[in-house]
Amino acid sequence: MLGRHSPQGELFRPDHLLREHVGRDSFYVALSRARVRLFRDEDFAGLYGERGRPSVPPSQLCVALLLQTREGVSDEEAIKRSAYDLRWKVALGLDLEEKLCAKSTLQLFRAKLILHESYQKIFQASVEECRKQGLLRRHKLEVAIDTTPILGRGAVKDTFNLVSDQIRRLVREVAKLKGYELGELVAQHGLGRHFASSFKSQLDLDWDDAEQKRAVVAQLVGDARVALELAKAALRGYASDAKQTRAVREARELLADLVLQDIEEEPDDGGGPQIRQGTARDRIVSATDPEMRHGRKSRSKRFDGYKASVAVDTKAGVVVSTDVLPGNAHDAEGVGDLVKQGSEAAGREVERVLADTAYGTTGAREEIAEATNGAEVVVKVPPAPRRKGAEFTADDFDVDLDAGVATCPAGKKSVRHQPAKGTTPHRFRFSRNDCTACPMRSRCTTSKADARSLTISEGHEDLRRLRRRQRTKRFKETYRRRSRVEHRIARLVQLGIRQARYLGRSKVAFQVCIAAAVANLVLACASGSSLATRPSEGLQPPVGALRFFWTSIQAAVVAIAASMLAVASIAALPRPALEKAPSRPDF
């Protein structure tokens with residue numbers, strides 16, 4: 001049942017009496033003033049049933065999640081701070097002797113937010129607060145977008161330990177489903193080797209010997225087949241959508257995928273199973289978090305996990321939308337939805353989008369334009385490909401696709417044209433006689449025998465025009481504002497998004513979204529108005545002749561609070577056991 005926090009202030013509660021002590025312009029007091037307005041309990045009514053004991057008010061739990069993210073503490077530490085930290089008590093609206101809730105209550109609330117994606121309401125409240133504080137004054141938005149890596153929390157292992165771990169998990173789920181004794185089941189099917197700390201560590205073999213290594217692969221595949229047959233037998237008699245069999249089905253499917261992606265069971269040489277050469281495109285890298293992927297931010301920087309995609313208003317630095325992509329996804333994946341969600345969250349039409357070269361493809365530009373009804377896209381396009389040792393690029397040639405003719409920098413025209421078909425680009429070839437006698441040959445091609453050829457894609461002219469445009473002064477001045485998104489991403493990294501706290505893409509998306517909400521609220525707090533409350537919200541300190549009396553009460557309450565906390569700390573100290581006094585004899 002939904003619990004509600006009364007919006008009516010109390011005179012002697014810490015969130016009114018201790019504001020000066022905590023800091024009237026602090027983030028804690030700002031949350032205290034705006035808590036009821038930002039997070040209404042009824043907005044989260046869908047997460048609770050209609051009957052039962054009243055819950056901890058969602059408005060307080062939302063504030064606890066924000067404070068936890070800002071200070072980077074665990075669930076247990078967050079609950080402890082609600083009990084002893086005066087700053088948290090002010091922000092949460094708790095009495096001095098009151099604790100927010102049990103740790104499990106906070107965890108359950110987070111799980112409900114993720115399941116129903118209701119955490120977007122917390123982020124939306126932060127954007128709305130920034131708008132009310134005047135940080136989104138313009139009628140139209142100029143948005144900068146970018147991505148940053150998130151290191152996954154799942155354990156990344158090699159093929160041997162990855163498959164072995166999943167065999168162990170599947171056998172455990174089968175034993176749990178059927179009520180078998182795990183030890184007996186493992187011993188009966190000879191799978192004990194997979195229940196050690198590491199599958200590879202108990203093998204006595206030379207890993208440089210290809211034949212011995214291949215024999216281990218065959219053994220691993222055989223054990224995987226045994227585990228899959230166990231699961232198949234355990235699932236007989238259950239409906240395909242039976243809830244109690246979900247864990248077994250998921251474990252079975254993941255094991256089959258791991259074997260398929262990393263092991264070639266029937267190679268052409270007939271020598272038995274072997275490790276597959278190369279890396280599968282969408283390879284699963286962790287059994288504990290199957291949604292993690294190999295990612296690459298640059299040629300030299302690799303990571304395992306996810307990518308956070310962020311859209312930021314370039315004027316004030318307000319984060320207007322976030323998303324989380326698999327680590328191997330292209331940066332521009334889902335960029336249209338990202339920009340559209342930012343426009344809806346801010347309640348403003350997007351006028352201009354700024355991004356780096358990763359978003360400079362024709363498809364990404366069209367997706368942005370479609371999502372924003374034709375907003376200007378200020379994006380650096382990839383440089384024109386240049387042949388090794390040559391100076392001229394495709395942009396130095398004039399191409400007339402209608403006539404099927406290309407003209408080189410020396411003024412010579414192509415003699416052959418192969419039109420594009422499907423994904424095959426246009427191809428032009430020049431005369432060997434023209435290229436041999438050309439004084440610019442050394443700048444155009446390094447081939448000593450063949451003439452110059454030219455490959456042109458369908459969007460060549462558009463890219464050529466954009467490359468000329470990005471050399472203009474106006475483009476450079478506009479593009480410089482893209483650095484705002486890098487600054488906000490740095491702030492999100494400070495709030496802990498570089499390392500995932502949870503397993504699974506949906507939970508990581510929650511982490512990034514809450515971090516963005518904290519960044520926005522801190523920005524609004526620093527804007528000068530400190531999330532100022534409306535006159536009707538909360539109790540206001542008296543003015544005039546009662547100012548001295550009010551200050552005296554505050555000082556007295558602070559002294560009493562400090563004394564109570566000291567007494568509570570002393571009372572919590574362990575006491576030595578007292579020996580039982582001997583009873584007096586009766587006379």
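Any read-out appearing in this document is the output of simple, stated calculations on the displayed coordinates, not a laboratory observation. Owing to the predicted nature of the structure, the values given are computational and were not obtained by experimental measurement. So basically every Cβ, Gly included, is an ideal-geometry build from the backbone, and we count neighbours across all protein chains shown.
General observations
- Neighbour-count ranking [beta-carbon atoms within 10 angstrom, fewest first] of 275, 122: 275, 122
- For the range 159-275, diffusion coefficient by Stokes-Einstein and Kirkwood Rh (Cα), 20 °C, 1.002 mPa s, µm²/s: 143
- Against the main long axis of the alpha-carbon atoms of the chain, helix 75-84 sits at an angle near 40°.
- Given [x] 1.35; [y] 0.97; [z] 1.30, the label whose value is Cα Rg over 2.2 N^0.38 Å derived from this model: [z]
- Spatially close lysines, pair count over the range 168-268: Cα under 22 Å, gap of eight or more or interchain: 6
- Footprinting exposure proxy ranking of 164, 74, fewest other C-beta atoms within 10 angstrom first, gives 74, 164.
- Exposure proxy shown here: for 450, 75, the number of other Cβ atoms within 10 Å sets the order, fewest to most, as 450, 75.
- Mean separation of Cα contacts under 8 Å (6+ apart) over length of the chain, as relative contact order %: 19
- Computed across the range 89-139, the Kirkwood hydrodynamic radius from all distinct Cα-Cα pairs reaches 13.6 Å.
- Packing-based ranking, highest mean first, of 491-498, 470-477, 352-359, 404-411 given that Cβ atoms within 10 Å are counted: 352-359, 491-498, 404-411, 470-477
- Sequence ranges 511-518, 145-152, 209-216, ranked by mean other-Cβ count within 10 angstrom, highest first: 511-518, 145-152, 209-216
- q = 0.11, 0.15 Å⁻¹: log10 I(q)/I(0) that the Debye formula gives for the range 1-129, counting C-alpha atoms only: -0.35, -0.67
- Cα long-axis angle, helix 547-571 against the chain (0 to 90 degrees, to the nearest 10): 90
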